1. Among the residues in the stretch 291-306, are any under 26 Å from the mean Cα position of the chain (by Cα), hydrophobic (A, V, I, L, M, F, W, C) and under 20 Å from residue 366 (Cβ atoms)?
2. Of the numbered conditions (1) within 24 Å of the chain's Cα centre (by Cα); (2) buried (at least 24 other Cβ atoms within 10 Å of the Cβ), residue 73 satisfies every one except a single condition; which is it?
3. Select from the stretch 546-564 the residues that are surrounded by 14 or more Cβ atoms within 10 Å (Cβ to Cβ), under 19 Å from residue 474 (Cβ atoms) and without any contact (Cβ under 8 Å) to a residue 60 or more places away in the chain and list them in ascending order.
4. In this structure, does residue 326 turn out to be under 25 Å from residue 232 (Cα atoms), modelled with pLDDT of 85 or more and either in contact with a Leu (Cβ under 8 Å, 6 or more places away or on another chain) or assigned to a loop (DSSP other than H, G, I, E, B) (or both)?
5. Being among the acidic types (Asp, Glu) and in contact (Cβ under 8 Å) with a residue 12 or more places away in the chain is the requirement here; does residue 260 meet it?
6. Please tell me if residue 270 is touching a strand residue (DSSP E or B) at 6+ places or on another chain (Cβ under 7 Å) and either surrounded by fewer than 19 Cβ atoms within 10 Å (Cβ to Cβ) or among the charged types (D, E, K, R) (or both).
7. Looking at the stretch 565-598 only, could you name the residues that are part of a loop (DSSP other than H, G, I, E, B), closer than 24 Å to residue 541 by Cα and either in contact with a Pro (Cβ under 7 Å, 6 or more places away or on another chain) or without any contact (Cβ under 8 Å) to a residue 12 or more places away in the chain (or both)?
8. Could you tell me whether the stretch 274-281 includes any residue that is in contact with a Lys or Arg (Cβ under 9 Å, 6 or more places away or on another chain), at pLDDT 85 or above and surrounded by 17 or more Cβ atoms within 10 Å (Cβ to Cβ)?
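The values are calculated or read from the model by the stated rules, or taken from the named source; none is laboratory data. Small disclaimer: the values here were computed from a predicted structure and weren't measured. Using ideal geometry, Cβ is built from the backbone for each residue, glycine included, and neighbour counts are taken over all protein chains shown.
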Amino acid sequence: MARQLEHFPNLVAMFFTRAREQGDKPFLWAKQRGSWVSTSWADAARQVASLAAGLKAIGLVPGDRVMLVSENRPEWCISDLAIMAAGCVTVPTYITNTERDHQHIIDNSGARAIIVSSAKLARILLPAALQAGGAEFVIGIEDVRASQPGAIDFHSWHRLIADHPTDPVTAEAQATFARDDLACIIYTSGTGGSPRGVMQHHGAILHNVAGTTDIISSDFGWDEEVFLSFLPLSHAYEHTAGQHFPIALGGQIYYSEGLDKLASNIEETRPTIMVVVPRLFEVLRARITKTVEKQGKVSTYLLDRAVALGAKRAAAGRIGLLDQPMNALVGALLKPKIAKRFGGRIKAMVSGGAPLTPEVGLFFESLGLSFLQGYGQTEAGPVIACNRPSAGIRMDSVGPPMRGVEVRIADDGEILVRGELVMHGYWRNDAETARVLKDGWLHTGDIGLIDEAGRIKITDRKKDIIVNDKGDNIAPQKVEGMLTLQPEIVQAMIAGDRRPYMVAVLVPDPDWVQSYCARSAAGCNFKALGENHDFRAALGTAVERVNKDLSQIERVRRFIIADEPFTIENEQLTPSLKIRRHVLRGVYGARLDALYKG
């Protein structure tokens, strides 16, 4: 296979080209009855071609929208490619969506067909489809049946493939659409209001794939790449970087069994590239630290020295002669153990989707893992920039723009982006499109700067900036990131707009809570602990540690303890694990306001 990425006319052409080159090599992997089972490139190509023919046979025509509701699995990838091969437009949606969410997306997108993976997901989806009224077909990957005949026709995913056998060569020849044509409508989870449909054209994703391939090939070498897919494929980051990027590389994709089995999945599949959001890296960092601490004082000492050496290397570009013996010791005794936990062949761990606290990236770099923080938005394919060794990695930056991406900083500090990666607009939302797209430039809503080496530094979201009662600007994500680095705190949100000082909602770390209960005479009733003076004082100590490294205006003066963790299920987190500030303010606003009284 050529060591460069061809200028493909569309995503379907890229897939069928790679499938011809890879033939019977494994492509998609999933756990079945405890064992990993693969679907080959050739078999996947046949399924894509046949499913595309089946979609046409039931009456779908080019331009029709097809909603895709499924957990990450091989059928997700095959369905997405088949929808596009039929000339239709994929509308991916989160499996955590409520009935109301589904109905909004069906109504807004005008989806004629819905592919759903299971009866469990269909129980929430089908009432929304019936209420929306526009959907005509539901296609079940597993057995999905209507309770009674109605306006929607039900089809079997596997039967559509079996009944319409089609040669991939024929399907590829029929995929005549261009890079400028619409590939998918991805609804941004957002932090407030109804999700908006981002129109991503084939060229936007192909442009992203070319840029990310350039980084891997020039900085790490392009070989037999293996990916472990964990983030929801309905998220633009995973859709591009976790699916189409591996396709471009002719790589293999393993589908994780979920967060609870992620650690074992990593060791089993031995990925070469991991695409993850910062929150997961924070979880992995905490788990590694606790595992090492359990191994005794020597291991803990080596971990501390590894991080200290990493900090020196990051600050000076190298370590001194006197540090070489300790560096060798860490390299011999600690780093191999850490590498084994990640499968032993990781080239790069790529973080995106939200800002990363620099200390977390430094932690992994210190342990010998190449850690690349990227930056992007659904509206831009989504990858705009990424750190790379050849450009000099700085943990407080997201690296230089990818090849073919123009970036400039507006007078108010907003980051503006231009290039083929930029969306064509929001689906059926001209007002919002006009607000963010001006003269070809995407107004990202992010505040940042470009350093002397051409690397982008993000300071905050424009709309999330807190302005206190004196007119000072505070970036909440910086403070929240520092709070959650403390072992006592797992999640945090700060507030203080038009107020004299910052306050916070804190979620105590469950492991720390258990440890606290074991050490103290207090029971482990969470509600009672929230009113326990000593417990609150211990959390307050963690807050004070953070405050020492903050400016006067950033410091958190008072806090409340959350009633429960921020989760996707209680709608306090987006599916990409960002906090929903408007939801949290609705739940805790009155109590936060009360912190300013008395």
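1. First, the residues of the stretch 291-306 that are under 26 Å from the mean Cα position of the chain (by Cα): 291.
This time we only want the ones that are hydrophobic (A, V, I, L, M, F, W, C), so: none.
Scanning the stretch 291-306 turns up no residue that is under 26 Å from the mean Cα position of the chain (by Cα), hydrophobic (A, V, I, L, M, F, W, C) and under 20 Å from residue 366 (Cβ atoms).
2. Single failed check for residue 73: (2).
3. 547, 555, 557, 558, 559, 560
4. Considered against the rule, which asks whether it is under 25 Å from residue 232 (Cα atoms), modelled with pLDDT of 85 or more and either in contact with a Leu (Cβ under 8 Å, 6 or more places away or on another chain) or assigned to a loop (DSSP other than H, G, I, E, B) (or both), residue 326 comes out as no.
5. Values: among the acidic types (Asp, Glu): yes; in contact (Cβ under 8 Å) with a residue 12 or more places away in the chain: no.
Spelling it out, it is not the case that residue 260 is among the acidic types (Asp, Glu) and in contact (Cβ under 8 Å) with a residue 12 or more places away in the chain.
6. Here the answer is yes, as residue 270 does meet what is asked.
7. Looking only at the stretch 565-598, we keep the residues that are part of a loop (DSSP other than H, G, I, E, B), and these are 565-572, 574-578, 580, 595-598.
Next cut, closer than 24 Å to residue 541 by Cα only: 565-566, 595-598.
Across the stretch 565-598, the qualifying residues are 597, 598.
8. The first filter runs over the stretch 274-281 and keeps only residues in contact with a Lys or Arg (Cβ under 9 Å, 6 or more places away or on another chain), leaving 277, 279.
Keeping just the survivors that are at pLDDT 85 or above gives none.
No, the stretch 274-281 has no match at all.
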